[in-house]
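Contents: one structure, followed by commentary.
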């Protein structure tokens, strides 16, 4: 028997490159089980959390948990979502079609939406009307100041009145003449995330702009868009690059940027224009010992798991989709841990979903999963694959259903043969063996693809292939 790795596969392209193939809707989990060193499990499903409100239209644009209550910007409305799922509209905050941002101080919630700044305090929503504020494209709170940027200047509100701005206290990010995309606080330092650089500021007080630049901490790369940078544990994660560089994915800290994207992830990013990437999102989520960076794009949702990457000593990536044919990205953004559960909004509808590991449907609709294997190679000799057995957790299907998966294979890395269906076991058939005896001959190498499109929650630990070696000659 030959054990075939399933946590990340290999495929070919139309040219001569051999590239990695990442699982779709399957999460790689590093775990010594006695069967394997890791496994794939179906990604979390989504059930509807909110009770709906017919008066609200538009998509979710930002979320935050403040003073024991979940708040969401949905369309042009700031809303609260109670633990019972009841949505309560609070007031108008505008909608320019882009994502919003929310942060809070000790006594108020601040909302940056449609290039304006709003406060929620004591249940009352108000708009900051000081003309010296200027357009607001990003927002942070630090040391008593609400800090914003219009893309050129770094603006702070007055300590004794957050509704006022003194133009004599404007700051700037001047290491490179590139626009400021975002302001963000990490480890009590203010980061000005620019297009080509990231500058770090410390609070020094004084009568003017209260933050001073730390020249030794400048990162010579920046983010492509306002929401393409986020706090990732205690560093900054971002999609972007430096001058005259294509976009990639980095973790930045202490003046350095470490690339975590693989060549395959960079190839996906290269299919987007700069303008398309600029409206994407990068979000951090820590859950069940995973440290995940979710990159939301128009056609892809890419996930990097830092904890799994450390455990497996290789970059761990996978993709999420909201369709059976993988043509749609995950239809949710703005992950929020509230009421002891993970919530997310929707890219199209005004609804809030709950992520659940016990289901593999999204709003009661089935989605698909897929993984490819590495190449099977018989030391330059041809061979016959007598049997394939996928070890996992069958028999977890819903009652009265008989889920199947589909197997196909390739001998050139690019073209795939017809699929064969294999039962994943009815409910309770937990000793079911996911086996197939293809009797396929290959001359050089081959790899396998497993795919499913059903509601069954399942995990896969290993794939074993029985080979009958043939002597070439």
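When you check residue 85 against the structure, is it within 26 Å of residue 139 (Cβ to Cβ) and either in contact with a strand residue (DSSP E or B) (Cβ under 9 Å, 6 or more places away or on another chain) or part of a strand (DSSP E or B) (or both), yes or no? When the stated conditions are applied, residue 85 does not pass them. For beta carbons closer than 7 Å, sequence separation of 6+ or different chains, a first residue in the range 425-443 that is touching a residue at least 12 places away in the same chain (Cβ under 8 Å) and a second that is in a loop (DSSP other than H, G, I, E, B) and loosely packed, with under 13 Cβ neighbours inside 10 Å, the qualifying pairs are 427/399.
Just one of the listed residues (164, 185) is under 23 Å from residue 256 (Cβ atoms) and either touching a strand residue (DSSP E or B) at 6+ places or on another chain (Cβ under 8 Å) or not in a strand (DSSP E or B) (or both), and it is 185. Quick one: how many residues across the range 205-229 are surrounded by 21 or more Cβ atoms within 10 Å (Cβ to Cβ) and either over 31 Å from the mean Cα position of the chain (by Cα) or touching a residue at least 40 places away in the same chain (Cβ under 8 Å) (or both)? The qualifying residues number 10.
Would you confirm, using the coordinates I've provided, whether residue 30 is surrounded by 15 or more Cβ atoms within 10 Å (Cβ to Cβ) and at pLDDT below 95? Answer is yes for this residue.
Is it fair to say residue 384 is farther than 18 Å from residue 11 by Cβ, crowded, with 16+ Cβ neighbours inside 10 Å and at pLDDT 90 or above? So residue 384 fails the test.
Name the residue that is surrounded by the most Cβ atoms within 10 Å (Cβ to Cβ), counting only residues in the range 251-276 that are closer than 16 Å to residue 192 by Cβ and out of contact with any helix residue (DSSP H, G or I) (no Cβ under 7 Å at 6 or more places or on another chain). For the range 251-276, the residue satisfying everything is 252.
When you check residue 418 against the structure, is it without any contact (Cβ under 8 Å) to a residue 60 or more places away in the chain and not in a strand (DSSP E or B), yes or no? Yes. Only one entry in 406, 337, 377, 326 is over 29 Å from residue 431 (Cα atoms), surrounded by fewer than 22 Cβ atoms within 10 Å (Cβ to Cβ) and over 18 Å from the mean Cα position of the chain (by Cα), namely 377. So is residue 362 closer than 26 Å to residue 28 by Cβ, at pLDDT 95 or above and touching a strand residue (DSSP E or B) at 6+ places or on another chain (Cβ under 6 Å) or not? Answer is yes for this residue.
Exactly one residue out of 136, 147 is within 30 Å of residue 339 (Cα to Cα) and either in contact with a strand residue (DSSP E or B) (Cβ under 6 Å, 6 or more places away or on another chain) or in a strand (DSSP E or B) (or both): that is 147.
Looking only at the range 394-415, count every residue that is touching a residue at least 60 places away in the same chain (Cβ under 8 Å) and in a strand (DSSP E or B) and tell me the total. Qualifying residue count for the region: 1. When residue 272 is tested against (1) in a loop (DSSP other than H, G, I, E, B); (2) touching a strand residue (DSSP E or B) at 6+ places or on another chain (Cβ under 8 Å), exactly one condition is not met: (2).
This table checks each residue for (1) free of Cβ contacts under 8 Å to residues at least 24 places away in the same chain; (2) over 30 Å from residue 178 (Cβ atoms); (3) surrounded by fewer than 20 Cβ atoms within 10 Å (Cβ to Cβ).
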residue	(1), (2), (3)
85	no, yes, yes
94	yes, no, yes
99	no, no, no
102	no, no, no
107	yes, yes, yes
122	yes, yes, yes
131	yes, no, yes
140	no, no, no
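Only a single item in (1) over 24 Å from the mean Cα position of the chain (by Cα); (2) crowded, with 16+ Cβ neighbours inside 10 Å is not met by residue 89, and it is number (2). Those strands (runs of 3 or more DSSP E) of the range 199-258 in which at least 3 residues are modelled with pLDDT of 95 or more, considering only elements entirely within it, cover 229-232, 235-241, 248-253. Among residues of the range 380-391 that are assigned to a loop (DSSP other than H, G, I, E, B), those with a beta-carbon under 7 Å from a residue that is surrounded by 15 or more Cβ atoms within 10 Å (Cβ to Cβ) at least six positions away or on a different chain give the pairs 382/442. I'd like to check something: does the range 283-305 contain any residue that is part of a helix (DSSP H, G or I) and in contact (Cβ under 8 Å) with a residue 60 or more places away in the chain? Scanning the range 283-305, I find no residue that is part of a helix (DSSP H, G or I) and in contact (Cβ under 8 Å) with a residue 60 or more places away in the chain, so the answer is no.
The values are calculated or read from the model by the stated rules, or taken from the named source; none is laboratory data. All of these numbers come straight from a predicted model, not from anything done at the bench. Methodologically, a virtual Cβ is constructed for each residue, glycine included, from the backbone with ideal geometry; neighbour enumeration extends over all protein chains shown.
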